[in-house]
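Reading through the structure tokens given below for one structure.
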Amino acid sequence: MSLSLAIVGRPNVGKSTLFNRLAGKKLAIVDRTSGVTRDRREAKGKLGDLDLTLIDTAGFEDYNDDSLEARMRKQTNQAVEQADVALFLVDARTGITPFDEYFANWLRRQEIPIILVANKCEGSINKYALSETLRLGLGEPIAISAEHGEGMGSLYDSLAPFIEDYTQLDGGDFEDDIKFGEILPDQMAESPLHMAIVGRPNVGKSTLANQIIGEERLLVGPEAGITRDAITVQWDYEGRPIRLIDTAGLRRKSKVTDKVESLSTSDTHRAIQFAQVVVLVLDANTMLEKQDLTIAREVIDEGRILVVAVNKWDSVKNRASSLKDLEYRLQTSLPQIRGVPVVILSALTGKGVQKLLPESFKYFDIWNQRIPTGQLNRWLEVMLERHPPPLVSGHRIRLRYMTQAKTRPPTFVVFSSRGNSLPEDYRRYLVNGIRESFELPGIPIRLLVRQGNNPYK
């Protein structure tokens, strides 16, 4: 177990910059715009030989209504409640503000050790600004520069006394554990399922994530574009570990002009790349718009498992017609992957959500399936007899041998005399045959053709 560290403070004091510094990688979006971070984000980090669980928080503001700012404050409250130590950041350049004083008074009422940190102290330190922090009643501040890595030794000294009784961390951050090579069957149950929830803005991604987890872990509301960072949450489902990644909504590239949204979009694409199962959330009232199909194709191109979650189903009037239309559009718009799993649900009420994880694990197991080489080649003989390859320049293309090179996604290699000339429609014939014969519905399948040196053999 590691020391849980909540990084708190008013907006734009450098919390996310320090979070990235201690995590050792750029996980949280950082921008000079105030209020970029909204959800609390967790990651494992190190400072010297100290193992830390980091919690990045939104800027603390004095709101107690139903506004977005009030919901962000609630997330900060929860972060402080679950942490072992709070790092209270202030900006040494601007000095102490009324918000800093208000936050300090609130922190003192919490049952948690507090370490005061004065950030942005690179170069010549404003001694007056540092002395000004004494009126917060939290002792001498630790002067650091999160951006440049200055003052980390002093921060280490302040944290070391709290971590004496803690043991070494096990594992790494979510992308560190992801290996897309082979995974043994007995390791499957122990390996976390990496699930990313993606979709257009305001389709209910965070609401669905909260419903799956069973708690209000992620910030939700009627405003579009609330989620900015890709937030990872870990828990167990029936004994199987899961790492759920909630992402920012994806709009058409031409509509993304804001820098922060551009960073959020990049974060979402990165989450898709490192996921195993990608849940594409659709609004039941506007299903499979062009942007939905663009996201779906990206998931398929990355070789990930695509699960379509149709949200807000309780608001649909003609359900039978809508479902039939969805199935038709999936078949015609995504012909390269047949049998995409579809889960009908309402994230708000929770109806149908219980079907999502069993369906995801079902296709995850298929995604990891390996077909014996002997069985593959017996199948290949039948396929060649049924429909031989076409002639190329008067010569028949010979397919001699096939094997499965890897799983995740299932990747097959066929050795041929004229592999480079094998038409695309015949490749689709083989892929569709593999899918049907070996029961690989809804899974991206890759077929590679390797050509011999002598085309006349």
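Quick one: Arg378 ticks every box in (1) under 26 Å from Thr411 (Cβ atoms); (2) surrounded by 14 or more Cβ atoms within 10 Å (Cβ to Cβ) bar one, so which box is it?
All conditions pass for Arg378, except number (2).
Out of the residues in the range 107-135 that are outside any loop (DSSP other than H, G, I, E, B) and modelled with pLDDT of 85 or more, which is farthest from Ser145 (Cα to Cα)?
Taking the range 107-135 first, the residues outside any loop (DSSP other than H, G, I, E, B) are 107-108, 114-119, 127-135.
Those left that are additionally modelled with pLDDT of 85 or more: 107-108, 114-119.
Details: Leu107: 23, Arg108: 25, Ile114: 19, Ile115: 15, Leu116: 14, Val117: 10, Ala118: 8, Asn119: 5 Å.
Looking at the filtered set, the residue picked out is Arg108.
For residues in the range 354-375 being aliphatic (A, V, I, L, M) and touching a strand residue (DSSP E or B) at 6+ places or on another chain (Cβ under 6 Å), which is nearest to Leu244 (Cα to Cα)? Full working, then the answer.
From the range 354-375, those aliphatic (A, V, I, L, M) are 356-357, 366, 371; that's our starting set.
With touching a strand residue (DSSP E or B) at 6+ places or on another chain (Cβ under 6 Å) added as a condition, the list becomes 356-357, 371.
Numbers: Leu356: 13, Leu357: 11, Ile371: 29 Å.
Within the range 354-375, the match that is nearest to Leu244 (Cα to Cα) is Leu357.
Considering only residues of the range 87-115 that are aliphatic (A, V, I, L, M) and surrounded by 23 or more Cβ atoms within 10 Å (Cβ to Cβ), which is farthest from Leu18 (Cα to Cα)? Can you show your working first?
Here is the first cut: in the range 87-115, the ones aliphatic (A, V, I, L, M) are 87, 89-90, 92, 96, 104, 107, 112, 114-115.
Pick out the ones that are also surrounded by 23 or more Cβ atoms within 10 Å (Cβ to Cβ) and you get 87, 89-90, 92.
On the way: Leu87: 10, Leu89: 9, Val90: 12, Ala92: 14 Å.
Restricting to residues being aliphatic (A, V, I, L, M) and surrounded by 23 or more Cβ atoms within 10 Å (Cβ to Cβ), the top hit is Ala92.
Mind checking whether some residue in the range 382-401 is within 31 Å of the chain's Cα centre (by Cα) and either surrounded by 15 or more Cβ atoms within 10 Å (Cβ to Cβ) or not assigned by TED's automatic domain parsing to the domain that holds Lys312 (or both)? Break it down stepwise before answering.
Our first condition is that a residue be within 31 Å of the chain's Cα centre (by Cα); within the range 382-401, this holds for none.
The answer is no, given that none of the residues of the range 382-401 is within 31 Å of the chain's Cα centre (by Cα) and either surrounded by 15 or more Cβ atoms within 10 Å (Cβ to Cβ) or not assigned by TED's automatic domain parsing to the domain that holds Lys312 (or both).
Given the condition surrounded by fewer than 20 Cβ atoms within 10 Å (Cβ to Cβ), at pLDDT 80 or above and not in a strand (DSSP E or B), answer yes or no: does some residue in the range 30-39 qualify?
Checked the range 30-39: no residue is surrounded by fewer than 20 Cβ atoms within 10 Å (Cβ to Cβ), at pLDDT 80 or above and not in a strand (DSSP E or B).
For the subset of the range 299-318 comprising residues that are touching a helix residue (DSSP H, G or I) at 6+ places or on another chain (Cβ under 7 Å) and either in the same structural domain as Lys406 (by TED's automatic domain parsing) or surrounded by fewer than 19 Cβ atoms within 10 Å (Cβ to Cβ) (or both), which member is nearest to Gly442 (Cα to Cα)?
Looking at residues that are touching a helix residue (DSSP H, G or I) at 6+ places or on another chain (Cβ under 7 Å) and either in the same structural domain as Lys406 (by TED's automatic domain parsing) or surrounded by fewer than 19 Cβ atoms within 10 Å (Cβ to Cβ) (or both), I get Glu302.
Report, by residue number, each residue of the range 272-298 that is crowded, with 24+ Cβ neighbours inside 10 Å and at pLDDT below 90.
Answer for the range 272-298, where residues must be crowded, with 24+ Cβ neighbours inside 10 Å and at pLDDT below 90: just Ala275.
Taking the range 334-361 only, how many residues are without any contact (Cβ under 8 Å) to a residue 12 or more places away in the chain and either surrounded by 14 or more Cβ atoms within 10 Å (Cβ to Cβ) or within 18 Å of Ile434 (Cα to Cα) (or both)?
Here is the first cut: in the range 334-361, the ones without any contact (Cβ under 8 Å) to a residue 12 or more places away in the chain are 335, 354, 358.
With either surrounded by 14 or more Cβ atoms within 10 Å (Cβ to Cβ) or within 18 Å of Ile434 (Cα to Cα) (or both) added as a condition, the list becomes 335.
Summing the residues that are without any contact (Cβ under 8 Å) to a residue 12 or more places away in the chain and either surrounded by 14 or more Cβ atoms within 10 Å (Cβ to Cβ) or within 18 Å of Ile434 (Cα to Cα) (or both) in the range 334-361 gives 1.
Taking the criterion of being closer than 30 Å to Ala405 by Cα, within 26 Å of the chain's Cα centre (by Cα) and in contact (Cβ under 8 Å) with a residue 60 or more places away in the chain, would at least one residue in the range 322-333 satisfy it?
Applying the first criterion (closer than 30 Å to Ala405 by Cα) to the range 322-333 yields 330-333.
So of that shortlist, the ones also within 26 Å of the chain's Cα centre (by Cα) come out as 330, 333.
Keeping just the survivors that are in contact (Cβ under 8 Å) with a residue 60 or more places away in the chain gives none.
Looking for residues that are closer than 30 Å to Ala405 by Cα, within 26 Å of the chain's Cα centre (by Cα) and in contact (Cβ under 8 Å) with a residue 60 or more places away in the chain, one finds none in the range 322-333, hence no.
Mind listing whichever residues of the range 416-457 are surrounded by fewer than 18 Cβ atoms within 10 Å (Cβ to Cβ), at pLDDT below 90 and among the basic types (Lys, Arg)?
Answer for the range 416-457, where residues must be surrounded by fewer than 18 Cβ atoms within 10 Å (Cβ to Cβ), at pLDDT below 90 and among the basic types (Lys, Arg): Arg450, Lys457.
If you go through the range 143-174, how many residues are at pLDDT below 85, part of a helix (DSSP H, G or I) and buried (at least 17 other Cβ atoms within 10 Å of the Cβ)?
Counting residues in the range 143-174 that are at pLDDT below 85, part of a helix (DSSP H, G or I) and buried (at least 17 other Cβ atoms within 10 Å of the Cβ) gives 1.
The values are calculated or read from the model by the stated rules, or taken from the named source; none is laboratory data. Quick caveat, the model's predicted, so the values are computed rather than measured. Here Cβ is always computed from backbone atoms with ideal geometry, including for glycine, and neighbour counts include all displayed protein chains.
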